[in-house]
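Below is one structure; the comments refer to it alone.
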Amino acid sequence: MPKIAEIEDTPNPNAVKFTLQEPLTWGVTHSYDTPEQASADPLASALFALEHVINVFYVDRWLTVTQDGGADWQELVRLIAVPLRAAPAAEAQSAATAAAARVAIAGLSDDDQVRLEDINFLLDQQIRPSLQRDGGDLFVVGLEDNYLSIHYQGACGTCPSALAGTLKGIENLVRTIEPEMEVLSV
């Protein structure tokens with residue numbers, strides 16, 4: 001049963017980040033945009049059962065919930081705390097299990113796999129920590145020729161700054177190693 005250590009606003013006014021004392025997962029990301037996507041996840045299902053919840057994102061020791069803008073945050077936070085406190089803490093997972101959750105994009109050539117590893121290393125070092133601090137994240141969903149497709153998660157998924165300024169910043173950073181790369185948010 002995870003205990004809430006801190007509740008923080010995010011740059012997205014419709015998202016709040018909960019930092020926990022115990023992890024919900026060990027490196028395995030859970031991101032849902034609909035109740036149907038979350039149907040096999042008891043915690044996410046319970047959160048989607050709350051009126052106004054439109055996105056649930058959690059990994060390790062934090063969870064971000066995004067609402068549609070129609071709820072009072074003080075009341076919604078109290079409602080979110082109930083299923084969150086009832087959720088089981090992460091089961092012990094080996095490093096191999098956590099690594100297996102980071103599946104490579106299927107069908108990439110060996111050269112493209114190396115390119116992707118270099119890009120992910122750069123994102124891990126310079127982009128993801130900031131997004132995670134703000135209750136979000138991103139993952140790469142495609143690499144084809146000079147096009148990198150990313151998907152924002154959590155608070156970043158509907159944040160205007162992530163969809164505009166941050167995307168351009170990511171593209172500029174990736175271009176330091178791939179000068180012709182274009183980054184698309186999907």
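Please treat every number below as a calculation from the coordinates, not as lab data. For clarity, every value in this text was computed on a predicted model and none was experimentally measured. Glycine also receives a Cβ, built like all others from the backbone with ideal geometry; neighbour counts cover every protein chain displayed.
A few comments on the model shown:
- For Ser149, the residues whose modelled amide H falls within less than 5 Å of its own, excluding neighbours fewer than 5 places apart on the same chain, are Val141, Gly142, Leu143, Glu144, Leu184.
- Segment 103-185, relative contact order [Cα under 8 Å, separation at least 6], %: 26 percent
- A simple count of charges around Val56, restricted to other residues whose Cβ falls under 11 Å of its Cβ and scoring Lys, Arg +1 and Asp, Glu -1, yields -2.
- Contour minus Cα-Cα distance for Asp118 and Asn172 (0.36 nm per residue): 18.0 nm
- Gain in span if fully extended, Asp9 to Tyr147, counting 0.36 nm per residue against the direct Cα distance: 46.4 nm
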